[in-house]
Amino acid sequence: MPTLHVCPLSRLPETLAETGARRLMTLMKAGTAIARPESIAEGGHCVVEASDIAAAMDGHVLADDGHIGRILDFVAAWDRAAPLVIHCYAGISRSTAAAYIAACALAPERDEGEVADALRAAAPSATPNPHFVAIADRMLGREGRMSAAIARIGRGADAFEGTPFTLTLT
């Protein structure tokens, strides 16, 4: 069964080793250099450079259709033979949004609320970036249901960084 694994930057090496993932998505602010780990082949690392903000702010990069399109294209190209790891700095907002987006994109028949509930059960601190989710919601034609589901589960438990977790696609 294909799985998505989410972690903070501090837990990336161990998460890659434990999962045997061959694909990696990094979500970091623009200009943060994250080298492709040796265990990830050329072409298996997607870097999305956007700040963890929900509205424009001076000195930051607000995610747009291009950023979310990269997430969608990368997960669409994933053969699902091995796990996919998604990380951001804290493993709480950008990476959990990307995992939610991926799960909705890869299982279009699955109810958005069910995916949000699975995310909350797997990650009590998950607080998916609502701007990322809103863009994906529109791009996937989910008519606001993704955003509504994330708003319903609300802000996650306070944490400095998230604990690595797994999100299944079925």
Assess whether H5 counts as being open to solvent by 60 Å² or more (accessible area, probe 1.4 Å) and either under 15 Å from G162 (Cβ atoms) or touching a residue at least 24 places away in the same chain (Cβ under 8 Å) (or both). no
Count of segment 142-161 residues which are among the aliphatic types (A, V, I, L, M) and crowded, with 16+ Cβ neighbours inside 10 Å: 5
Residue check for L72: surrounded by 11 or more Cβ atoms within 10 Å (Cβ to Cβ), under 20 Å from A103 (Cβ atoms) and either in contact with a strand residue (DSSP E or B) (Cβ under 9 Å, 6 or more places away or on another chain) or at pLDDT below 95 (or both): no
Output the number of residues of segment 83-109 satisfying the condition of being in contact (Cβ under 8 Å) with a residue 24 or more places away in the chain and open to solvent by 10 Å² or more (accessible area, probe 1.4 Å). 9
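Okay, residues lined up against (1) touching a Gly at 6+ places or on another chain (Cβ under 9 Å); (2) buried (at least 20 other Cβ atoms within 10 Å of the Cβ):
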{"site": "L16", "(1), (2)": "no, yes"}
{"site": "T19", "(1), (2)": "no, no"}
{"site": "K29", "(1), (2)": "no, no"}
{"site": "I34", "(1), (2)": "no, no"}
{"site": "G44", "(1), (2)": "no, no"}
{"site": "E49", "(1), (2)": "yes, no"}
{"site": "A56", "(1), (2)": "no, no"}
{"site": "H60", "(1), (2)": "no, no"}
{"site": "A76", "(1), (2)": "no, no"}
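The values are calculated or read from the model by the stated rules, or taken from the named source; none is laboratory data. No experiment lies behind these values; they were computed from the predicted model shown. Note that we place each Cβ from the backbone using ideal geometry, even for glycine, and neighbour counts take in every protein chain shown. To get the accessible areas, we keep the full protein, side chains included, count just its heavy atoms, and leave off ligands, DNA and RNA. Shrake-Rupley method; radii C 1.70, N 1.55, O 1.52, S 1.80 Å.
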